[in-house]
Amino acid sequence: MSNNLPDKPNRNNRPEPFGEIAKAMNDFFQERPVKGFLQSIDEFFNLPFATFPVSVKSYDREHHIVAELPGIRKEQISIDVLNNTLTITVKHGEVIIEEDDVHKAYRRKNKMQHMSRTITLPQAINEKKVKASYHDGLLTIIVPKLPGKKIHIIND
């Protein structure tokens, strides 16, 4: 929007009918705190969402779930099972310390990142038989398939 909307004449050399309202709205969105608030919303949506790639492959007797977690330590990973869902959660924290000897300033910043992915499988999971390993940034989870019960149909 232009700041000279109210003064800009239209083709009939008359002022725009909504020029003053448009100018007021334009001024409203350009001044603080609204402009700062809108910028913070833009920054939020421009940040990448904290997630990690996961692949799931099903075989005859088991499901293989592989999560790519480079730079994450094994202690930062937790796996939870509930019914037929498996949730991988990663809590990654780091401390950033900045020192400025010229201005004698010290700044310490704690950064915590929480990521999780939930995988739903087609059948219940026996958590006692689930196996997980972590090597070179790859978390591999093997979930055995539970044997189904076959129902025989009889003739009446």
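The values are calculated or read from the model by the stated rules, or taken from the named source; none is laboratory data. Remember, predicted model here, so these are calculated numbers, not experimental data. We place every Cβ from the backbone using ideal geometry, glycine too, and count neighbours over all the protein chains shown.
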Task: Inter-residue pairs, beta-carbon under 9 Å, first without any contact (Cβ under 8 Å) to a residue 60 or more places away in the chain and in region 91-107, second in a strand (DSSP E or B) and among the β-branched types (V, I, T), 6+ apart - done: K91/I77; Y106/I97; R107/I96; R107/I97
Open item on the list: Considering only residues that are under 23 Å from K128 (Cα atoms), part of a strand (DSSP E or B) and in contact (Cβ under 8 Å) with a residue 24 or more places away in the chain, which ones fall in region 59-83?
Closed with: E62, H63, H64, I65, V66, A67, I77, I79, V81
TODO: Of all residues in region 111-156, count the ones that are free of Cβ contacts under 8 Å to residues at least 40 places away in the same chain and at positive phi.
DONE: 1
Task: Those residues of region 125-139 which are in a strand (DSSP E or B) and exposed (fewer than 10 other Cβ atoms within 10 Å of the Cβ), in sequence order - done: H135
Task: Residues satisfying the stated conditions in region 41-54, i.e. modelled with pLDDT of 90 or more and surrounded by fewer than 10 Cβ atoms within 10 Å (Cβ to Cβ) - done: P53
- [ ] Select from region 84-124 the residues that are outside any strand (DSSP E or B) and either within 21 Å of the chain's Cα centre (by Cα) or more than 15 Å from I65 (Cβ to Cβ) (or both) and list them in ascending order.
- [x] D101, V102, H103, K104, A124
